[in-house]
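Heads up, the thing below is written out as structure tokens.
The values are calculated or read from the model by the stated rules, or taken from the named source; none is laboratory data. Predicted model only: the values in this text are computed from it and were never measured. Cβ coordinates were reconstructed from backbone atoms using ideal geometry, including for glycine residues, and neighbour counts include every protein chain displayed.
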Amino acid sequence: MAAARRAPGVALLLAVLLPLVATPSRAATPARAASTAAFQLHGDVYPTGHYYVTMNIGNPAKPYFLDVDTGSDLTWLQCDAPCQSCNKVPHPLYRPAQNRLIPCADSLCTALHSGLGSNKKCPSPKQCDYQIKYTDSASSQGVLITDNFSLPLSKSSNIRPSLTFGCGYDQQVGKNGAVQAVTDGLLGLGRGSVSLLSQLKQQGVTKNVLGHCLSTNGGGFLFFGDDIVPTSRVTWVPMSRSTSGNYYSPGSGTLQFDRRSLGVKPMEVVFDSGSTYTYFTAQPYQAVVSAIKGGLSKSLKQVSDPELPLCWKGQKAFKSVFDVKKEFKPLSLSFANGKNAVMEIPPENYLVVTKNGNACLGILDGTAPKLSFNVIGDITMQDQMVIYDNEKAQIGWVRGPCTRSAKSILSSFP
């Protein structure tokens, strides 16, 4: 589960038996012309700390809020199987049918275990157990199952492919695992074969293309497929094979502040919608903090705020980032992979105004979660469409408002 400051997860696997009777059944979905599915997003960077989508799952279909996470592969729901440890969630716990277990020999089980760096065997051939731990100490333990997901498509009203996901019956979120969760589970949209996106491609439902548009005002939209990818103005960078895992990476970027180099060596970057904030490793983080502090006017005073580590107050409380952005200079990342493609990071893409009326830096020190790479999180991806094109192995972004509704997007198709 992506917590409010989650960075990409490092996972390990633990096998635990689930008290379900296994008579596996995964209905094949007939091949069809690939289409596009679009969804409305909810949530925000602050104070929610999550962007999430409503997915209708099961038969009859019931709604669940899933945290949109491009930094991990496995989709999972908190699950009454029965539940050993679950958080308080927005909807009643998902209840799996008896015949929905994925057996250990299934290729997706093998892929999941391999992706989590585990060589453990399943304790029972009838089911596929998993345990994932994320870098913010959140975790999910459960078993793989299959069920129908209702997808609103551009070329037909709705289809219900059978997809594999995790039934999580032991979750730990926050310090004691008893906190109220914003979401019912997590939507894993990474590059692995167990990712929902990869499964939809495998079944011929959509192309292996994903895009999200996160609004500064909260909400936005998410899509699977390539029908609404703009044909112009997109900055494209070839996907790089991240040295730190199977993440979406545009490779190494050179950091600039106010169009001048900060003198930091090129830094490996990954895009992770499951991370609320952006994380830099020690050297670029210190360089950014020094540059920002050095460019501020005397009207801003550094102040302590429980919400984030580095904050400033003005002569009166700020109501939004747009009240204070003129006091700060833009950052940018230039990627050599994409013929010096540039991602602009204006102040509204790295600042948060807290409930206390202070302006705080939404770029955090990655040494605390022990990151060896740099994470571009939700705050920096706001108000631009970010596209992960696994068909052409490229990542793109284009600035624009993210306030369109999923319905208007689908109705605009030819």
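Structure notes:
- Residue check, Pro96 farther than 21 Å from Arg160 by Cα and in contact with a strand residue (DSSP E or B) (Cβ under 9 Å, 6 or more places away or on another chain): no
- Ala291 vs. criteria without any contact (Cβ under 8 Å) to a residue 60 or more places away in the chain and in a helix (DSSP H, G or I): yes
- All conditions in (1) in contact (Cβ under 8 Å) with a residue 24 or more places away in the chain; (2) outside the structural domain of Val353 (by TED's automatic domain parsing); (3) within 29 Å of Cys128 (Cβ to Cβ) hold for Tyr247, with the sole exception of (2).
- Here the strands (runs of 3 or more DSSP E) wholly within the range 204-280 that include at least 2 residues being more than 28 Å from Arg404 (Cα to Cα) are 248-257, 267-271, 278-280.
- In the set Gly263, Gly211, only one residue is at pLDDT 95 or above and either assigned by TED's automatic domain parsing to the domain that holds Thr380 or not hydroxyl-bearing (Ser, Thr, Tyr) (or both); that residue is Gly211.
- Filter pass, Leu41 being crowded, with 24+ Cβ neighbours inside 10 Å and not assigned by TED's automatic domain parsing to the domain that holds Ile376: no
- Flag for Ile102 being more than 22 Å from Pro161 (Cβ to Cβ), surrounded by 23 or more Cβ atoms within 10 Å (Cβ to Cβ) and not assigned by TED's automatic domain parsing to the domain that holds Lys370: no
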